[in-house]
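A.B. asks: Here's a structure for you.
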Amino acid sequence: MPQLKYEQIAEDLRTRIANGEFGPGDLLPSGRDLAEQWDVSRATVVKAYDVLRNDGLVAARQGAGFTVAETPVARPAGARRADSTRVTGGAPYRRLGIPDRAVPPPRVVDALGLKPGEEALRRIRLVLLDDGSPHTLVTAWFPPAVADAAPRLALKGPIAEGTTHYVRRETGRIPVEGTDTTTVRLADDEEARLLEVEQPAAVAVVLHVAFDESHRPLVCEEGVTASHVFEQVDNYPMR
């Protein structure tokens, strides 16, 4: 399906930011400049910037326009519905360690359809509460086909545009279906240390798997949240 003009503008800006043309805090092109460049109305440019702002990639600066966001946001695992944005449930986070390849736990192996002993690329982040305390420990596992095609996943720094957009750009594969499975168990010692809870500690675990249009898994995320900060709210029609 062809992209609309505002989507093309948003994607062009996203790519320029990802390529380092604009860094955190940098002022982005004005609405007037972009409208002239793309031969569109200012309203179309505003829609493009709204897309990027909803993804947490840009921020509005009073009287100046838009800048690249200085503090990237991330979401806990799951709840990636089509109508949700990256800032919906997004929060500051810390990247833990350096991405590496390892054999995932059995439930992730099953979710990604890996062979026994096959490695996947692992990225770990700690999503924070407003006061800076831990909220959710998220381990993202990417199957080899995705990791090989998207080499920046193996780098330590954050991916400003978000891994979903980056993987889509590099592979052409778009997430169209997600499955979330929530279970409860006791935290292991490392989880308790990172979540700053005393053992024994109950945790809620959300296993999120995103699939492309051919039902091939793109990523499996395991989000571990201490019971005292876990809350799940579902809103739905009853008629």
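A.B. asks: Among the residues of region 15-47, count how many are closer than 25 Å to Ala150 by Cα and crowded, with 17+ Cβ neighbours inside 10 Å.
C.D. replies: Counting residues in region 15-47 that are closer than 25 Å to Ala150 by Cα and crowded, with 17+ Cβ neighbours inside 10 Å gives 3.
A.B. asks: Let me ask something else. When region 202-217 is examined, which residues are found to be among the hydrophobic types (A, V, I, L, M, F, W, C) and under 17 Å from Thr182 (Cβ atoms)?
C.D. replies: Result: Ala202, Val203, Ala204, Val205, Val206, Leu207, Val209, Ala210.
A.B. asks: Considering each of Arg168, Arg152, Arg125, Arg173 in turn, give the residue that is of a type in the set (Lys, Arg), closer than 29 Å to Thr67 by Cα and without any contact (Cβ under 8 Å) to a residue 12 or more places away in the chain.
C.D. replies: Unique residue meeting the criteria: Arg168.
A.B. asks: A further question follows. I'm told Ala202 meets every condition in (1) more than 20 Å from the chain's Cα centre (by Cα); (2) buried (at least 18 other Cβ atoms within 10 Å of the Cβ); (3) small (Gly, Ala, Ser); (4) over 19 Å from Pro104 (Cβ atoms) except one. Can you identify the failing condition by its number?
C.D. replies: The number of the failed condition is (2).
A.B. asks: Just to be sure I understand, how many residues within region 178-199 are loosely packed, with under 15 Cβ neighbours inside 10 Å and more than 21 Å from Leu121 (Cβ to Cβ)?
C.D. replies: Qualifying residue count, region 178-199: 11.
A.B. asks: I've got another one for you. Please determine whether any residue of region 211-218 is part of a helix (DSSP H, G or I), under 17 Å from Leu114 (Cβ atoms) and modelled with pLDDT of 90 or more.
C.D. replies: No, every residue in region 211-218 fails to be part of a helix (DSSP H, G or I), under 17 Å from Leu114 (Cβ atoms) and modelled with pLDDT of 90 or more.
A.B. asks: Any idea how many residues of region 116-139 are out of contact with any helix residue (DSSP H, G or I) (no Cβ under 8 Å at 6 or more places or on another chain) and either assigned to a loop (DSSP other than H, G, I, E, B) or not polar (S, T, N, Q) (or both)?
C.D. replies: Matching residues across region 116-139 total 11.
A.B. asks: Looking only at region 140-164, which residues are open to solvent by 60 Å² or more (accessible area, probe 1.4 Å) and assigned to a helix (DSSP H, G or I)?
C.D. replies: Within region 140-164, Ala145, Asp148, Pro151, Arg152, Thr164 meet the criteria.
A.B. asks: Also, I was wondering about something else. Tell me which of these Glu231 doesn't satisfy, since it passes every other one: (1) closer than 26 Å to Arg101 by Cβ; (2) at pLDDT below 95.
C.D. replies: Here Glu231 clears every test but (1).
A.B. asks: Mind counting the residues in region 190-222 that are β-branched (Val, Ile, Thr), out of contact with any helix residue (DSSP H, G or I) (no Cβ under 7 Å at 6 or more places or on another chain) and within 20 Å of Asp131 (Cβ to Cβ)?
C.D. replies: Residues flagged as β-branched (Val, Ile, Thr), out of contact with any helix residue (DSSP H, G or I) (no Cβ under 7 Å at 6 or more places or on another chain) and within 20 Å of Asp131 (Cβ to Cβ) within region 190-222 amount to 1.
A.B. asks: Would you point out the residue of region 220-239, among those that are assigned to a loop (DSSP other than H, G, I, E, B) and among the charged types (D, E, K, R), that is most open to solvent (accessible area, probe 1.4 Å)?
C.D. replies: This residue is Arg239.
A.B. asks: Next question. Out of everything in region 33-65 that is in contact with a helix residue (DSSP H, G or I) (Cβ under 7 Å, 6 or more places away or on another chain) and of a type in the set (D, E, K, R), what residue ends up being farthest from Thr163 (Cα to Cα)?
C.D. replies: Arg42
A.B. asks: Look at Val184 and say whether it is closer than 30 Å to Ala149 by Cα and at pLDDT 95 or above.
C.D. replies: No.
A.B. asks: Still on this structure: From the list Pro175, Pro217, which one is open to solvent by 30 Å² or more (accessible area, probe 1.4 Å) and under 20 Å from the mean Cα position of the chain (by Cα)?
C.D. replies: Being open to solvent by 30 Å² or more (accessible area, probe 1.4 Å) and under 20 Å from the mean Cα position of the chain (by Cα) holds for just one of Pro175, Pro217, which is Pro175.
The values are calculated or read from the model by the stated rules, or taken from the named source; none is laboratory data. Given the structure is predicted, the values throughout are model-derived calculations rather than measurements. Using ideal geometry, Cβ is built from the backbone for each residue, glycine included, and neighbour counts are taken over all protein chains shown. To get the accessible areas, we keep the full protein, side chains included, count just its heavy atoms, and leave off ligands, DNA and RNA. Shrake-Rupley method; radii C 1.70, N 1.55, O 1.52, S 1.80 Å.
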